[in-house]
Amino acid sequence: MMKTNLTNVMKNVKGEHLMKLSASILSADYLNLGKDIRRAGEAGCELLHLDIMDGHFVPNIAVGLCIVDALKNETGLRKDAHLMISNPEAMIEPTAEAGADSIIFHGEATPHHLRLIRDIKRLGKQAGIALTPETPIEMIRFALEEADIVLQVSVCVGFGGQKIIQQVYSKLAQLQEIKSRCGYAYEIQVDGGINAFTYRKAIECGADVLVAGSFLFGSEDMKKTVEEIKAGLL
Ligand code: DX5
Ligand code: ZN
């Protein structure tokens, strides 16, 4: 496959990286979580992604707030809490108290998008809204102006290690188009199925942040993988 030149989308004119990598701890080694988190930071990941699941909104249970709390003083990386839960209203404050830096709830889980975004900001956190692959962007239209983050899940929600759903690329492009046309400021995150074969297209379509779990934690040399991704070499 011909590799396109990603310089323009990965770096700005000063040569600073625009694209960020977020390590999803769903695929970390829970017996050595502290070690794996340090590994992600040392490898050059800018963010940590914490998947909080309730066994109701998604058919899986993962990462409780005690884990978020345990990471409080363990890392300087930004901690994004991805709430894959029903009734997110009830968990905004506890998640903020546990030490998440940003709180991302699902647009499908509540009709009160703007209210939640404002509540999260009032708590001094970055506010994000997420969508499953199947949900049209139109559904979160009212949230886009005020959201700090829009997270597009790119696999069936709830599990790591799946293949990316191809139709998601055009949704990333659509989010990018709305953002530039309307002058919005949200960061576009893509979450799921990111690996050596998918990351380039995700960036080209508009993703600012690549969330990756199995690819990063499963790589033999995470630092090398991160460096190669950032250089567009993979
Ligand atoms: C899926 C989760 C993702 C997951 C991604 O519902 O939100 O964060 O950890 O895992 P990979 O990168 O393995 O697809
Ligand atoms: Zn996630």
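The values are calculated or read from the model by the stated rules, or taken from the named source; none is laboratory data. For clarity, every value in this text was computed on a predicted model and none was experimentally measured. Here the Cβ is made from the backbone with ideal geometry for all residues, glycine too, and neighbour counts use every protein chain on show. Ligands, DNA and RNA are stripped out before the accessible areas are found, and what is left, the full protein with its side chains, is counted by its heavy atoms. Shrake-Rupley method; radii C 1.70, N 1.55, O 1.52, S 1.80 Å.
What translational diffusion coefficient, to the nearest whole µm²/s, does region 60-144 have by Stokes-Einstein, given a Kirkwood radius computed over alpha-carbon pairs, a temperature of 37 °C and 0.692 mPa s viscosity?
Stokes-Einstein gives a translational diffusion coefficient of 249 µm²/s.
Given the whole protein assembly as supplied and a 1.4 Å probe, what does the accessible area of residue 214 come to in Å², nearest 10?
60 Å²
Using heavy-atom solvent-accessible surface (probe 1.4 Å) with all chains present, what is the largest-first order of 56, 112, 49?
If we order 56, 112, 49 from most to least accessible, we get 56, 112, 49.
Would you calculate, for the chain, the mean residue ellipticity at 222 nm contributed by helices, counting each DSSP H stretch of 4 or more residues as -39,500 (n - 2.57) and dividing by all residues, to the nearest 500?
It comes out at -8000 deg cm²/dmol, rounded to the nearest 500.
Not counting the cut sites, what is the longest span of the chain without GluC sites (Glu not before Pro) that DSSP labels loop and that have at most 10 other Cβ atoms within 10 Å?
17-219
I need to check one value: relative contact order of region 130-195, counting alpha carbon pairs closer than 8 Å and at least 6 residues apart, in percent.
RCO, region 130-195: 42 percent.
Based only on Cα atoms, what mean projected area does the convex hull of region 143-234 have, in nm²?
One quarter of the hull surface, i.e. the mean projection, equals 6.1 nm².
Under the Kirkwood approximation for Rh and a Cα-based Rg, what ratio Rg/Rh is obtained for the chain?
0.93
As an exercise, identify the chymotrypsin sites (Phe, Trp or Tyr not before Pro) in region 120-229 lying in DSSP coil whose Cβ has no more than 14 other Cβ atoms within 10 Å.
Taking region 120-229 and a limit of 14 other Cβ atoms within 10 Å, the loop chymotrypsin sites (Phe, Trp or Tyr not before Pro) found are 184, 197.
So what is the relative contact order for the chain, in percent, with contacts set as C-alpha pairs under 8 Å and at least six apart?
Reported relative contact order: 20 percent.
What relative contact order, as a whole-number percentage, does region 61-199 give when Cα pairs under 8 Å and 6 or more residues apart are counted?
Contact order relative to length: 18 percent.
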